[in-house]
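Enquirer: Starting off with a structure, shown below.
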Amino acid sequence: MNNNQDHLDSAKTQAKGKANEAAGKITNDKTREIKGKAQNALGKAKEKLADAKDKISEKTETTREKSDRNL
């Protein structure tokens with residue numbers, strides 16, 4: 001999965017979580033509300049992972065460019 005796809009997936013998971021949480025609150029369904037909160041937390045974790053992957057890719061590219069210039 002590429003980094004853009006990772007970011008899209010995290011946003012989608014967060015949106016589903018927020019929707020489930022809201023639906024649970026409206027219908028007084030505690031299980032659905034908790035599921036929504038968990039999905040939202042999972043989406044945030046996926047977002048942090050995608051951000052970390054972006055930083056690693058940037059560092060790798062910078063290191064590769066420096067190495068190429070030294071050759």
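Enquirer: What's the local net charge at residue 9, with K and R +1, D and E -1, over the other residues with C-beta under 10 Å away?
Expert: My count for the surroundings of residue 9 gives 0.
Enquirer: Rounding to the nearest 10 and keeping the result within 0 to 90°, find how far the Cα-based axis of helix 3-27 lies from the longest principal axis of the chain.
Expert: Helix 3-27 sits at roughly 10 degrees to that axis.
Enquirer: May I pose another question? Along Cα→Cβ, 7 Å out, is where each label goes; now give me the distance between the ones at residue 57 and residue 4 in nm to one decimal.
Expert: With each label point 7 Å from Cα toward Cβ, the separation is 0.9 nm.
Enquirer: Also: Please give the contour-minus-distance gain from residue 65 to residue 41: 0.36 nm per residue of separation, less the Cα-Cα distance, rounded to one decimal in nm.
Expert: Full extension of this stretch gives 5.0 nm more.
Enquirer: What does the net charge come to around residue 46 if you take all other residues with beta carbon closer than 11 Å to its beta carbon, with K and R at +1 and D and E at -1?
Expert: In short, 0.
Enquirer: Taking other Cβ within 10 Å of each residue's Cβ, how do 55, 44 sort, fewest first?
Expert: Exposure proxy ranking, most exposed first: 55, 44.
Enquirer: HN-Hα J couplings of segment 54-64 from phi, Karplus 6.51/-1.76/1.60, θ = phi - 60°, integer Hz, Gly and Pro as x?
Expert: Here the 3J(HN,Hα) series is 4, 4, 5, 4, 4, 5, 4, 5, 4, 5, 5 Hz.
Enquirer: For the chain, which semi-axes, largest first and in whole Å, follow from the square roots of 5 times the eigenvalues of its Cα gyration tensor?
Expert: Largest first, the chain gives 39, 8, 5 Å.
Enquirer: Kindly provide the helix-only [θ] at 222 nm of the chain, computed as the sum of -39,500 (n - 2.57) over DSSP H runs of four or more divided by all residues, to the nearest 500 deg cm²/dmol?
Expert: Estimated from H runs of four or more residues: -33500 deg cm²/dmol.
Every read-out reported here was derived from the displayed coordinates using simple, explicitly stated rules and does not represent laboratory data. Model, not experiment: these values are computed from the prediction. A quick note on method: Cβ atoms are made from the backbone with ideal geometry, for glycine too, and the neighbour counts reach across all protein chains shown.
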